[in-house]
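**Q** What follows is a single structure, and I will ask about it in a moment.
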Amino acid sequence: MTGEGSIIKRLCIGAAALIWAFAAPATAASPTVISFELFPEYYAAARHHDPNVKGHNGFWFRRINITFDNALSSSLSFRFKLEMSSSGDFKTSSLLVPFVKDAFLNCRLKGQDIQVGIIATPTWENVESFWGYRALEKTPCDLQKLGSARDFGIALRGGLNSAGTVSYKLMFGNGEGNNAEANKGKKAYAQLIVRPWKGFHVDLYADTERQKDSRTYRLLQVFTGYEARWGRAGFLFARREIALGEESGHMSLWSALAVLKVRAGAEVVLRVDRMGEPNPNGAGISYIPFSDRAPSNLVIAGFGWRLSETITIIPNVKHVFYDKLEGASGPGPDTYFNMSARLKF
């Protein structure tokens, strides 16, 4: 067994021992709570740099989640989640196939959580919660495929002070997301969130991994967010570095968002993303494929209207334009008109 494999095995054994030692037995059987979340959408690609995408329109599901939560004891809980979605590549015609999104034990020990299994990574967990419009679009790093929302491993998270203004999450995993382990490398994650005053927080994040192509990948991310009665606003900067021996490369990403309250249950949603370099994986981005030839700029404008506690509809427009290429014509712009929705019950 490799050194990294031995480390993760010892960590998992240690976590299991702690959970066994400290988890108090449940006084009575706790019922399993089942919840559902669906993101249906009508889309229309009014114009697109790819002629095979231009003119496409129709209905799809960006996400369907079925979540099972069970409190096994006063300090031990279990979550199991299935997810399925439409392919979103404008060419694949197939059934929606579910996969395991979450499957982990969570043990609360003196205010700290130990999680073991397929776990939410800290890469954009906090950013997505602050954004609040996953049904409209993924967070910037998620959209540009700069990381993974889940990984199989072990995590430790909690607060670092009694006031709850400083928190952290550390994680060690396979680095394969929801897929099975397929290489010797592993991935380490670290996050620190500081809330110096009410409504404002700074999220510092870093990860490093070695993939099966022998390259080392690192992601550095800084996110700041502020919430008040008028709504919320945030700014994100991320840089992904790729190294193989003396060869190296990077991708940089900036994003600004604002969610402005109009009245109870109604919000204006604005976001701008800027990729400093072309994304080589851009053409494979679901629902909104990018050109891989030039740096991109994404503008999102929408209106979130909460019809009830369970239903939100979000009419929106997304526009992508690309930098000009020196000595050549760049890709043309992309414009989508969508009617997105979120149902949760």
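**Q** Counting only residues that are assigned to a helix (DSSP H, G or I) and over 17 Å from ILE288 (Cα atoms), which one in the stretch 123-156 is most open to solvent (accessible area, probe 1.4 Å)? First the steps, then the outcome.
**A** Narrowing the stretch 123-156 to residues assigned to a helix (DSSP H, G or I): 125-131, 140-143.
Filter once more, so that each one left must be over 17 Å from ILE288 (Cα atoms): 125-131.
Numbers: GLU125: 70, ASN126: 27, VAL127: 4, GLU128: 48, SER129: 93, PHE130: 16, TRP131: 3 Å².
That would be SER129.
**Q** Then there is this: So which pairs qualify, if the first residue must be in the stretch 197-208 and at positive phi and open to solvent by 50 Å² or more (accessible area, probe 1.4 Å), the second must be of a type in the set (Val, Ile, Thr) and not in a loop (DSSP other than H, G, I, E, B), the Cβ gap must be under 8 Å, and the two must be at least 6 apart or on different chains?
**A** none
**Q** Out of all the residues in the stretch 209-231, which are open to solvent by less than 30 Å² (accessible area, probe 1.4 Å) and either modelled with pLDDT of 95 or more or over 21 Å from LEU192 (Cβ atoms) (or both)?
**A** Those that are open to solvent by less than 30 Å² (accessible area, probe 1.4 Å) and either modelled with pLDDT of 95 or more or over 21 Å from LEU192 (Cβ atoms) (or both): THR216, LEU219, GLN221, PHE223, GLY225, GLY231.
**Q** Only one of these is touching a strand residue (DSSP E or B) at 6+ places or on another chain (Cβ under 7 Å), among the β-branched types (Val, Ile, Thr) and over 28 Å from ARG62 (Cα atoms): VAL166, VAL127. Name it. Don't jump to the end; show me each part of the working.
**A** Values: VAL127 fails: over 28 Å from ARG62 (Cα atoms).
None of the other options fit; the residue is VAL166.
**Q** Moving on. Please indicate, with yes or no, whether at least one residue in the stretch 263-273 is open to solvent by 20 Å² or more (accessible area, probe 1.4 Å), of a type outside the set (Val, Ile, Thr) and within 27 Å of THR208 (Cα to Cα).
**A** No, the stretch 263-273 contains no residue that is open to solvent by 20 Å² or more (accessible area, probe 1.4 Å), of a type outside the set (Val, Ile, Thr) and within 27 Å of THR208 (Cα to Cα).
**Q** Any idea which of PHE80, PHE68, PHE104, PHE90 is modelled with pLDDT under 95 and either closer than 27 Å to GLY304 by Cβ or not in a loop (DSSP other than H, G, I, E, B) (or both)?
**A** Within the list PHE80, PHE68, PHE104, PHE90, the selection yields PHE90.
**Q** From the list SER167, SER162, pick out the single residue that is without any contact (Cβ under 8 Å) to a residue 40 or more places away in the chain and either over 20 Å from the mean Cα position of the chain (by Cα) or more than 25 Å from TYR133 (Cβ to Cβ) (or both).
**A** Residue meeting the stated conditions: SER162.
**Q** For PRO280, work out the one condition from (1) part of a strand (DSSP E or B); (2) loosely packed, with under 15 Cβ neighbours inside 10 Å; (3) not hydrophobic (A, V, I, L, M, F, W, C) it doesn't fulfil.
**A** (1)
**Q** Under the condition of being farther than 14 Å from GLU128 by Cα and touching a residue at least 12 places away in the same chain (Cβ under 8 Å), which residue from the stretch 234-248 is least open to solvent (accessible area, probe 1.4 Å)?
**A** The qualifying residue least open to solvent (accessible area, probe 1.4 Å) is ALA238.
**Q** How do the pairs read when you match residues in the stretch 220-233 that are on the phi > 0 side of the Ramachandran plot with residues anywhere that are basic (Lys, Arg), using Cβ under 6 Å and keeping only pairs 6 or more apart or on different chains?
**A** Qualifying pairs under 6 Å: GLY231/LYS261.
**Q** Right, next: Scanning the stretch 47-65 for residues that are in contact with an Asp or Glu (Cβ under 9 Å, 6 or more places away or on another chain) and part of a strand (DSSP E or B), which turns out most open to solvent (accessible area, probe 1.4 Å)?
**A** Applying the first criterion (in contact with an Asp or Glu (Cβ under 9 Å, 6 or more places away or on another chain)) to the stretch 47-65 yields 47-50, 53-54, 59-65.
Narrowing the set further to residues that are part of a strand (DSSP E or B) leaves 47, 59-65.
On the way: ARG47: 113, PHE59: 168, TRP60: 25, PHE61: 69, ARG62: 10, ARG63: 23, ILE64: 26, ASN65: 5 Å².
Result: PHE59.
**Q** Only residues that are open to solvent by 30 Å² or more (accessible area, probe 1.4 Å) and basic (Lys, Arg): list them for the stretch 185-196, please. Talk me through it step by step, then tell me what you get.
**A** Initially, the stretch 185-196 is screened for residues open to solvent by 30 Å² or more (accessible area, probe 1.4 Å), giving 188, 190, 192, 194-196.
Hit for the stretch 185-196 is ARG195, nothing else.
**Q** So which residues in the stretch 318-332 are of a type outside the set (Phe, Trp, Tyr) and surrounded by 14 or more Cβ atoms within 10 Å (Cβ to Cβ)?
**A** Listed by number, the residues that qualify are LYS318, HIS319, VAL320, ASP323, GLY330, PRO331, GLY332.
**Q** Same structure again: So in the stretch 250-262, with the set limited to residues that are open to solvent by 30 Å² or more (accessible area, probe 1.4 Å) and either over 16 Å from GLU277 (Cα atoms) or small (Gly, Ala, Ser) (or both), which one is farthest from the chain's Cα centre (by Cα)? Lay out the reasoning, then the answer.
**A** The first filter runs over the stretch 250-262 and keeps only residues open to solvent by 30 Å² or more (accessible area, probe 1.4 Å), leaving 250, 254, 256, 260-262.
Cutting the leftovers down to either over 16 Å from GLU277 (Cα atoms) or small (Gly, Ala, Ser) (or both) gives us 256, 260-262.
Working: ALA256: 16, LEU260: 22, LYS261: 24, VAL262: 27 Å.
Filtering the stretch 250-262 for residues that are open to solvent by 30 Å² or more (accessible area, probe 1.4 Å) and either over 16 Å from GLU277 (Cα atoms) or small (Gly, Ala, Ser) (or both), the one farthest from the chain's Cα centre (by Cα) comes out as VAL262.
**Q** In this structure, does GLY173 turn out to be under 23 Å from ASP102 (Cβ atoms) and either of a type outside the set (Ser, Thr, Tyr) or open to solvent by less than 30 Å² (accessible area, probe 1.4 Å) (or both)?
**A** Details: under 23 Å from ASP102 (Cβ atoms): yes; either of a type outside the set (Ser, Thr, Tyr) or open to solvent by less than 30 Å² (accessible area, probe 1.4 Å) (or both): yes.
Answer is yes for this residue.
**Q** Do you know which of the residues in the stretch 157-170 that are open to solvent by 50 Å² or more (accessible area, probe 1.4 Å) and assigned to a strand (DSSP E or B) is nearest to TYR189 (Cα to Cα)?
**A** Selected residue: LEU170.
**Q** Quick check: is even one residue across the stretch 326-335 part of a strand (DSSP E or B), at pLDDT 95 or above and under 30 Å from ARG229 (Cβ atoms)? Don't jump to the end; show me each part of the working.
**A** Within the stretch 326-335, the first condition is being part of a strand (DSSP E or B), and the residues that meet it are 328, 334-335.
Remaining after also requiring at pLDDT 95 or above: 334-335.
If we keep only those that are under 30 Å from ARG229 (Cβ atoms) too, we end up with none.
Within the stretch 326-335 (the criterion being part of a strand (DSSP E or B), at pLDDT 95 or above and under 30 Å from ARG229 (Cβ atoms)), the answer is no, since none of the residues qualifies.
**Q** Counting only residues that are over 20 Å from LEU253 (Cβ atoms), assigned to a loop (DSSP other than H, G, I, E, B) and charged (D, E, K, R), how many does the stretch 295-323 have?
**A** So the count comes out to 1.
The values are calculated or read from the model by the stated rules, or taken from the named source; none is laboratory data. This one's a predicted model, so the numbers in the text were calculated from it and none came from an experiment. Positions of Cβ are backbone-derived with ideal geometry, glycine not excepted, and every protein chain shown enters the neighbour counts. With ligands, DNA and RNA removed, areas are computed over all heavy atoms of the protein, side chains included. Shrake-Rupley method; radii C 1.70, N 1.55, O 1.52, S 1.80 Å.
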